[in-house]
Amino acid sequence: MTPWFRATSRSDADGGRVSTFELFFDLVFVFAFTQVTHFMVVAHSDIGVLQAIVMLGFLWWSWSSYGWLANQSRVDLGILRAGLVVAMCAVFVLALAIPTAFVRIPGALNAALVVAIAYFLVRIVHMALYLVASGDDRALRRQVLRTSVSMWVSVGLIVVGAIIGGPAQTGIWLGAFIADMLITYLTSHEGDWHVRSAQHWSERHGLVVLLALGESIVAIGEGAAHSSLTLVVLGGAVLALLLATLLWWLYFDAISIAAERILAKKPDRERAALATDGYTYVHLLLIAGIVISALGVEEAMGIANSGEQFGLFGACALFGGTSLYLFAHALFWKRVGGAWKVWRLAGATLLLALIPIGTFVPSIAALGMTVGAVAIVVTIESVLFSAARREIRESAKD
């Protein structure tokens, strides 16, 4: 029996069993993603979207860091479970501070400073737990300490931005996130990280995509709640749900299964590099695409009964977010499979081209155009690659 203060290492033999505790930990991020979307809806501006994406970046880096830890060791046991409870509380506090993170409210706490402190706690606990999980692996401990440089730089910049406030805060926090990404990548390139279980890794990232898609469904209800129940609203809700279903199809029908198979066959160092590029970095674009698209859906549902033009902001969110999602898929497969998903690139391009049209049509029509564009991609791929998709899905049953 492993002592409570030691970590239990994970391996391929453990398979893809994501523990219920990991799922419970991830539930905090459902609320956090909702907060990000709500922030964009209230801000209703390009600068508001940028601020929300920065906050999404902090959340993603928090989730991804613990995703690596959970693949290294069982986090539902002993001291690692206790540490994740602390991190979960910190993430929840961070999420609560998102709505007022860029404003100062008299008599209230400085929400920006709350974000800074909570984020620091999330990262420092992660570093401490990873050192525990490293056990006797000295190379991994050195890697953890080397990459921790990114934490000190980013947290320092976040604190500076929180103290300065005002318009400069957005730029400083954006710089903090970019610095975190770049330093982490540079210190991790050909480093000593490990992906112990390809199946666990793939399942965990599939679950976070599901969480984001769940937020897009919540956005349907949030938007509809501000409108009277009419046939137009019901039709829009069905279209929005179809869009979420199509986005699900693009990820889970075959590509996630095929990517897991490729990841499992890679030797240790190549596996870690693929996990870093394809999942830690490119999956952020997938999540951002879903969240921004959800903003567009909520905007569309909110004005469904008015019949007024959708407007540039809503069109950019709906078409642009969905386009980003398709582009991220193509980029993901380029890194994993070595080839571009041409039809997904074509769909991403078509969606961007539809923005000028979507700006001047009713919101439900714009929603229908988005569903149509994505449905074309799904239909073409279903017909052209039916045999390959069938083989991939059958292999998942073995």
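The values are calculated or read from the model by the stated rules, or taken from the named source; none is laboratory data. Quick caveat: nothing in here was measured; it's all calculated off a predicted structure. We place every Cβ from the backbone using ideal geometry, glycine too, and count neighbours over all the protein chains shown. All accessible areas refer to the heavy atoms of the entire protein, side chains included, with ligands and DNA or RNA removed. Shrake-Rupley method; radii C 1.70, N 1.55, O 1.52, S 1.80 Å.
What to note about this one:
- Residues within the range 275-303 that are touching a Gly at 6+ places or on another chain (Cβ under 6 Å) and open to solvent by 10 Å² or more (accessible area, probe 1.4 Å), tallied: 4
- Filter pass, T370 being in contact with a helix residue (DSSP H, G or I) (Cβ under 9 Å, 6 or more places away or on another chain), among the hydroxyl-bearing types (S, T, Y) and surrounded by fewer than 18 Cβ atoms within 10 Å (Cβ to Cβ): no
So that you can scan it fast, the table gives a plain yes or no per residue for (1) surrounded by 19 or more Cβ atoms within 10 Å (Cβ to Cβ); (2) outside any helix (DSSP H, G or I); (3) touching a residue at least 24 places away in the same chain (Cβ under 8 Å):
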site	(1), (2), (3)
L94	yes, no, yes
P99	no, no, yes
V103	no, yes, no
P106	no, yes, no
L109	no, yes, no
Q143	yes, no, yes
V153	no, no, yes
G156	no, no, no
I178	no, no, no
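- Residue count for the range 123-182, restricted to those that are of a type outside the set (A, V, I, L, M, F, W, C), within 21 Å of the chain's Cα centre (by Cα) and farther than 19 Å from T280 by Cα: 1
- Check on L121, under 21 Å from V91 (Cα atoms) and surrounded by fewer than 20 Cβ atoms within 10 Å (Cβ to Cβ): yes
- Matching residues in the range 219-259 - criterion: being more than 22 Å from A375 (Cβ to Cβ) and under 18 Å from the mean Cα position of the chain (by Cα): A259
- Scanning the range 287-321 for residues that are more than 19 Å from W248 (Cβ to Cβ), out of contact with any Pro (no Cβ under 8 Å at 6 or more places or on another chain) and charged (D, E, K, R) yields a total of 1.
- Selection from the range 253-267 of residues that are touching a Leu at 6+ places or on another chain (Cβ under 8 Å) and in a helix (DSSP H, G or I): I262, L263
- Being open to solvent by 10 Å² or more (accessible area, probe 1.4 Å) and either closer than 19 Å to T280 by Cβ or outside any loop (DSSP other than H, G, I, E, B) (or both) holds for only one residue in V238, V233, V195, V209, and it is V238.
- Within the range 116-148, being at pLDDT 95 or above and more than 20 Å from R81 (Cα to Cα) holds for A116, I117.
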